[in-house]
Amino acid sequence: MSENLIVPTMAEMMAEGKQPEILFWVGSAGSYDDRAKKITRAFVKILNKANVNFAVLGTEESCTGDVAKRAGNEFLFQMQALMNIELLNAYEVKKIVTCDPHSFNCLKNEYPSLGGKYEVIHHTQFLQQLLKEGRIDFNKETYKGSRITFHDPCYLGRANQEYEAPREVLSQTNAEIVEMKRSKSTALCCGAGGGQMFKEPEKGDMDINVLRTQDALETKPSIIATGCPYCNTMMTDGVKFSEKESKVKVLDIAEIIANAQDL
């Protein structure tokens, strides 16, 4: 993290006898992947700008176990989840915000049956809330004349039926928001959730991320907006495959807002 970012840990908060408004669950991609770290930094800049009282687990944060569960290793998932729940409950965490829809889905829908009951919010929902409360504002000239299309992350959209929060945030940018032919409940997966980010693709006519990127490019966007670090990587690779990287940017919604705030 840059020196001008204020990122307290839960341990530091507890030592001072304080309780944050939210826990920011950074997630594996946001912690370790260089591209996703930029999304993490952008979101932290917004939290700092909005004076949100938050904390992270820091080195105490572990994997949610989501990948193990999707791969069918229920034992490993429950072991990882129970360790996290013990830590979260020890810190008396009530509200969690994350930029990762996979962590969002896992913490929201799969931890409660194991004893981890929290209010879990995706960062686009939290940004929507900050905008409504007037806690963040930005220069609406930044994206005037731009065309933005939003790619729905599977674990935010189809798995949790959240389609409007990211679109409402983007509608505030003053850009032209254009929809792909497959959007919301009919949106095509970027492929990362199917494991394509971590292995060679199966034989076929076209890689799934290239096909999904074609959906986006057909809208003639200047920006493809994402709300998931894995989608961001897959769509960025798709744009490079199409040799459109000089004309089309792939940005997380947090980055779009942070840029418009000149953060």
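Okay, here's what the table says:
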{"read-out": "Filter pass, residue 227 being in contact with a His (Cβ under 9 Å, 6 or more places away or on another chain), closer than 30 Å to residue 72 by Cα and modelled with pLDDT under 95", "value": "no"}
{"read-out": "Test set (1) under 19 Å from residue 148 (Cβ atoms); (2) at pLDDT below 95 - residue 216 fails condition number", "value": "(2)"}
{"read-out": "Of all residues making up segment 212-246, the number that are assigned to a loop (DSSP other than H, G, I, E, B) and either in contact with a helix residue (DSSP H, G or I) (Cβ under 9 Å, 6 or more places away or on another chain) or at positive phi (or both)", "value": "7"}
{"read-out": "Count of segment 42-75 residues which are within 16 Å of residue 113 (Cα to Cα) and surrounded by 14 or more Cβ atoms within 10 Å (Cβ to Cβ)", "value": "4"}
{"read-out": "Selection count where residues are crowded, with 20+ Cβ neighbours inside 10 Å, more than 18 Å from the chain's Cα centre (by Cα) and of a type in the set (Val, Ile, Thr), scope segment 214-263", "value": "2"}
{"read-out": "Yes/no for residue 96 being modelled with pLDDT of 95 or more and under 16 Å from the mean Cα position of the chain (by Cα)", "value": "yes"}
{"read-out": "Of residues in segment 193-209 being surrounded by fewer than 19 Cβ atoms within 10 Å (Cβ to Cβ) and in contact with a Gly (Cβ under 9 Å, 6 or more places away or on another chain), the one farthest from residue 240 (Cα to Cα)", "value": "201"}
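The values are calculated or read from the model by the stated rules, or taken from the named source; none is laboratory data. As the structure is a computational prediction, the values presented were derived from the model and not from experiment. Neighbour counts are summed over all protein chains in view; Cβ atoms, including those assigned to glycine, are modelled from backbone coordinates with ideal geometry.
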